[in-house]
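We did not get these values from a lab; they are worked out from the coordinates using the rules stated. Just so it is clear, the structure is predicted and the values come from calculations on it, not from any experiment. Methodologically, a virtual Cβ is constructed for each residue, glycine included, from the backbone with ideal geometry; neighbour enumeration extends over all protein chains shown.
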Amino acid sequence: MNKSHNEVTILGSARIDPRSKYYKIARELGALLAKNGHPVITGGGPGIMEAANRGAMEAGGKSLGLNIQLPFEQVLNPYTTHSTGFYYFFTRKVMMTTPAHGFVFFPGGFGTLDELFEVLDNIELKKAKNVPIVLVGKEFWAPLLEFLKKQAMAEVQSLKQKDLDLIQVVETAEEAWEYLREAMKREPRDSGVDCDNSVCKMRIEENTDWRIFRIMSELVEGFELLSKLKNEITVLGTKSIKEDNFYYREAYELGKRLVKKGFSVETGGGHGAPEAANKGAFEAGGESIGLTLRFDGRESRNEYLTRHQGFFFPFTRKLILTAPSHAFTAFPGGFGTLHQFFEVVVLMQTRKIKPMPMLLFDSKFWAPLIEFVDEILYKKFNTIQSEDRHFIRAVDSVDEVMKLIPRVK
């Protein structure tokens, strides 16, 4: 990857038919980028990925495919000039997002949503530079953006308007290219970005060696911590809620109830919903684990942790946070909650891990997202299969959560 510069990453469904207008748009955009000196990075598979690679290669440009080994569907398309294969989504996603100077998201499934929310989360956390983000197809993306605005931003204040302003929705390849071209003329807005400990500088010519050692150290320490734990349940949710909030009280009750049933409680270690779950577990005398992010040596963590580890790199933290759990419960949240939740859903969908309960707390809050999955992803665009919808379930009480979580063995 260090041999390429000015890359644009294009993401979208492997299931988009070559006769689809979105295949045509992705192919046109790949060609426009290549003609203007921008290598195109995709996941290397069929559908949108093939279309973008095809356009770039046919235009004489650099066309990179970072393929994932799956038991179905994902075969390297024939339109890459450079390619490599990955078994782990973790390493592949780092390589897909590390070098990009812009991102274009076409209609997709759970994987596309996971990738979108991860990019947005890293920018919001100042672990990545503020590069242009383009969504192609209002008919696909509008319901999701409406959910983010009305639910995540208005109801629980887990997002701000500036977070949504990062996104530009377009309908054509020409619109996408014009927006990218103008945005990339400007230097990425990276004020306050912790680039030394993020995805900003993961290039060999920029002293990558010490970062690799730090990443390996974080992984070793993280898995050493996990080896000491058992029966973990991960609780996700926004840091923006206060102690008098309904969701805080419910997360606290959940943490307490989980410990009484023999589970450990694992969170991101911060405030809001994670703090509430940790507090419930801690005050019930149980194991309360927090996996926090560090910024220039600083980290924000709550006071109710029996075990703790801090991470400089968001991708190593995410791997440890999602690796061991027996179930996940997500309280209302923003980009971070969504990307961690969909990360696990993708791993189950692609059979990288065994199925487990994936619970969204408060069906009223999450209803627009579930409707988006059912009506847009499944029925209209066919980017997921019928059985994929059942990975996600909404609940409305701690009692429901406890009934759906498997018993301690």
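Brief remarks on what is shown
- Leading residue at positive end of dipole, the range 211-250 (Cβ point charges), from PHE223, PHE213, VAL235: PHE213
- Among VAL156, GLY270, PHE313 - extreme Cα towards positive end, dipole of the chain, charges at beta-carbon: PHE313
- Hits among lysines - C-alpha to C-alpha of LYS354 under 17 Å, sequence gap 8 or more where chains match: LYS230, LYS409
- Going through (1) 63, 47, 40; (2) 53, 53, 39; (3) 68, 54, 43, the figure that equals Cα extents along the principal axes in Å as computed for the structure here is (1).
- Candidates PHE341, PHE315, PHE391: whichever shows maximal mean-square fluctuation once the chain is modelled as a Gaussian network with Cα springs under 10 Å: PHE391
- Cross-link table LYS35/LYS149; LYS126/LYS256; LYS260/LYS318; LYS239/LYS380; LYS21/LYS239, entries beyond 31 Å C-alpha to C-alpha: LYS35/LYS149; LYS126/LYS256; LYS239/LYS380; LYS21/LYS239
- Taking Cα centre as origin and charging only the Cβ of basic (Lys, Arg, +1) and acidic (Asp, Glu, -1) residues, the dipole magnitude of the chain rounds to 620 debye.
- Once the Cα atoms are used to define both axes, helix 173-185 deviates from the longest principal axis of the chain by about 80 degrees.
- Test item: Cα-centred dipole of the range 286-409, Lys/Arg +1 and Asp/Glu -1 on Cβ, debye: 460 debye
- Site pair LYS228 and ASP244 shows an inter-label distance of 3.8 nm when each label is modelled 7 Å from Cα along Cα→Cβ.
- Less than 5 angstrom separates the built amide H of SER264 from those of GLU232, ILE233, all sequence-distant by 5 or more or on a different chain.
- Gained length - GLU375 relative to GLU171, 0.36 nm times residue gap less alpha-carbon distance: 71.4 nm
- Loop-located trypsin sites (Lys or Arg not before Pro) in the range 100-190 whose Cβ has at most 16 other Cβ within 10 Å (DSSP): LYS160, ARG186
- Dipole moment magnitude, nearest 20 debye, the range 368-409 about Cα centre, only Lys, Arg, Asp, Glu C-beta charged: 240 debye
- Near-label residues of the range 234-262 by backbone N, under 19 Å of a point 7 Å along Cα→Cβ of ARG307: 234-236, 255-262
- Choice from PHE331, PHE246, PHE312 with maximal GNM fluctuation in the chain (Cα, 10 Å cutoff): PHE246
- Segment LYS162..ARG181, full-extension length gain: 4.7 nm, with 0.36 nm per residue of separation and the alpha-carbon distance subtracted.
- Distance from the range 364-409 to the range 19-47 (C-alpha centre basis), Å: 32 Å
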